[in-house]
Amino acid sequence: MAAVLKLDQFSLLDDSSCDARIIAAKAILGKRLAILGHHYQRDEVFKHADYSGDSLKLSQQAANSDAEFIVFCGVHFMAEVADILTFGERKVILPDLAAGCSMADMANLVKVRKCWEEISQVIDPDQTVTPVTYINSAADLKAFCGNHGGIVCTSSNAKAVLQWSFARREKVLFFPDQHLGRNTGYRMGIPLDQMVTWDFMKPRGGLTEDQIRNAKIILWKGFCSVHQMFQPAHIDNFRKANPKGKVISHPENAMEVCEKSDFVGSTEYILRTVRASQPGDHWLVGTELNLVNRLADEMKPKGVQVQFMSPTVCMCSTMFRTDPQHLAWVLDNLVAGQIVNQIRVPQNIADPARKALDLMLEVVD
Ligand code: 13P
Ligand code: SF4
């Protein structure tokens with residue numbers, strides 16, 4: 001077996017040399033390989049994906065894949081999900097191990113366990129609270145949900161998952177994204193005063209006992225640093241200049257942004273909705289820049305204008321870490337019979353995490 005090829009050999013290659021290597025490696029590996037690409041990936045990487053999608057679609061794709069190698073052009077939690085759903089039988093590879101998610105990092109097992117314990121001093125959470133984790137979270141938090149009668153959700157199925165949860169227990173602890181939880185709860189008719197925010201830096205989340213008793217949803221105080229850049233004023237300015245324009249936002253945006261938007265949904269929903277528009281339509285889109293730029297280029301020849309919501313450039317810096325150099329490096333290693341950057345979730349975490357993920361996939365079907 002050949003030696004592992006070092007990343008240094010690839011770091012200085014230009015993009016077109018990487019392209020040639022990626023195309024050649026894909027041809028050699030054929031059906032043994034599936035490259036999954038999240039919509040936030042940059043063009044230079046996205047164009048090599050065999051399958052693209054939002055977090056839900058990519059999870060389903062991974063679960064149904066029979067490829068020997070799944071190269072995940074996305075972020076760490078997505079590769080973990082692919083490994084869990086394929087029972088470790090596929091080799092799941094993340095081209096750059098530093099491609100994490102700052103929102104996912106805002107919750108961890110120690111803090112969530114502490115929260116559960118503090119809640120249990122007021123009510124019995126195992127009887128009254130369903131823990132729901134957004135898929136943007138580490139595998140051990142999904143396992144926590146699996147172990148406590150809980151479930152995972154994505155931005156496409158959060159409403160169905162909350163309905164499932166409330167059919168079982170009266171309250172939900174939702175982590176790590178407060179905005180997805182609040183936006184979904186609000187649209188389901190839950191009053192704002194029954195959705196309290198758990199500040200994980202404060203004792204008992206900074207809440208009174210009554211606030212915990214009266215809450216329908218306890219929202220972890222996490223957020224996405226990319227989506228927090230979008231402001232209601234951006235929408236007001238757009239509407240002033242384009243009274244007939246339409247606004248579409250991702251539910252990771254603050255409620256003030258979502259409530260001013262005409263449409264709210266996952267990245268896949270955003271693409272589907274804008275693609276269905278008519279010539280002359282003008283859109284303001286509140287989600288990551290790479291997706292918006294690609295959509296703008298696609299829709300321009302159809303006479304549809306697509307505009308990024310923020311006046312300043314903001315993209316997901318961790319999604320951006322996956323570049324053609326890393327992709328060429330992992331693929332050339334596969335051709336040489338070497339697996340680098342494999343993501344493996346230990347079985348004691350993967351099994352309960354799969355329970356919570358399987359429930360999510362059932363709720364969607
Ligand atoms: P979706 O693609 O599932 O809408 O999620 C967006 C996101 O932030 C991925 O991290
Ligand atoms: Fe995480 Fe936000 Fe990047 Fe999505 S866009 S991967 S939530 S930091």
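Quick notes on this one:
- Square roots of 5 times each gyration tensor eigenvalue, C-alpha, the stretch 111-263, largest first, Å: 29, 15, 14
- The HN-Hα couplings worked out from phi for the stretch 131-140 by the Karplus form 6.51 cos²θ - 1.76 cosθ + 1.60 (θ = phi - 60°) are x, 10, 10, 5, 4, 6, 7, 5, 4, 5 Hz, whole numbers, x standing for Gly and Pro.
- Computed from label points 7 Å out along Cα-Cβ, the spacing between LYS202 and LYS6 is 5.2 nm.
- Taking every Cα-Cα distance in the stretch 1-85 and sorting them into 5 Å bins from zero, the calculated P(r) comes out as 3, 13, 22, 23, 20, 13, 5, 0 percent.
- Rg to Rh quotient for the chain, alpha carbon positions, Kirkwood Rh: 0.99
- For the stretch 227-308, the orientation-averaged shadow of the C-alpha convex hull comes to 4.6 nm² (one quarter of the hull surface).
- Residue of GLN305, GLN211, GLN278 that the Gaussian network model of the chain assigns the largest fluctuation, springs spanning Cα pairs under 10 Å: GLN278
- Fraction of beta bridges assigned by DSSP in the chain that are antiparallel (%, nearest 5): 5 percent
- Potential extension, ASP236-VAL110 segment - 0.36 nm per residue separation minus Cα distance: 41.3 nm
- Among MET103, MET255, MET201, the largest mean-square fluctuation in a Gaussian network model of the chain (Cα springs under 10 Å) belongs to MET201.
- The accessible-area ordering, largest first, of the residues HIS234, HIS38 stands as HIS234, HIS38, per a 1.4 angstrom probe.
- All C-alpha to C-alpha distances of the stretch 1-51, sorted into 10 Å bins beginning at zero, yield P(r) values of 21, 48, 30, 2 percent in whole numbers.
- For the chain, a Gaussian network of Cα nodes joined below 10 Å ranks ILE35, ILE23, ILE343 by mean-square fluctuation, and the top entry is ILE23.
- With an a/c value of 1.5 or above and a/b not larger than b/c for the gyration tensor axes a ≥ b ≥ c computed over the alpha-carbon atoms, the stretch 251-365 is described as oblate.
- Accessible surface, 1.4 Å probe, highest first, among residues SER65, SER317: SER317, SER65
- Sulfur and carbon atoms: percent of accessible area, the chain [1.4 Å]: 50 percent
- Residues whose placed amide H lies under 5 Å from that of SER52, excluding near-sequence neighbours: GLY37
- Estimated dipole of the stretch 1-150 in Debye, rounded to 20 [Cβ of Lys and Arg +1, of Asp and Glu -1, Cα centre]: 280 debye
- Sparsely packed GluC sites (Glu not before Pro) within the stretch 59-133, loop by DSSP, other Cβ within 10 Å at most 12: GLU89
- Accessible area per residue for the chain is 42 Å², calculated with a 1.4 Å probe on protein heavy atoms, without ligands, DNA or RNA.
- Computed magnitude of the charge dipole of the chain (debye, nearest 20; Cβ of K, R +1, Cβ of D, E -1): 520 debye
- Between the stretch 2-41 and the stretch 252-270, the alpha-carbon center distance in angstrom: 34 Å
- Estimated vicinal HN-Hα couplings, Hz - the stretch 181-187 in sequence order (Karplus 6.51, -1.76, 1.60; Gly, Pro = x): x, 5, 4, 6, x, 4, 6
- FRET efficiency estimate (nearest 0.05) - Cβ-Cβ, ARG168 to LEU13, R0 45 angstrom: 0.30
The values are calculated or read from the model by the stated rules, or taken from the named source; none is laboratory data. What you see is a predicted model; the values in this text were computed from it and never measured. Backbone-built Cβ (ideal geometry, glycine too); neighbour counts: all protein chains shown. The accessibility values were calculated without ligands, DNA or RNA, using every heavy atom of the protein model including side chains. Shrake-Rupley method; radii C 1.70, N 1.55, O 1.52, S 1.80 Å.
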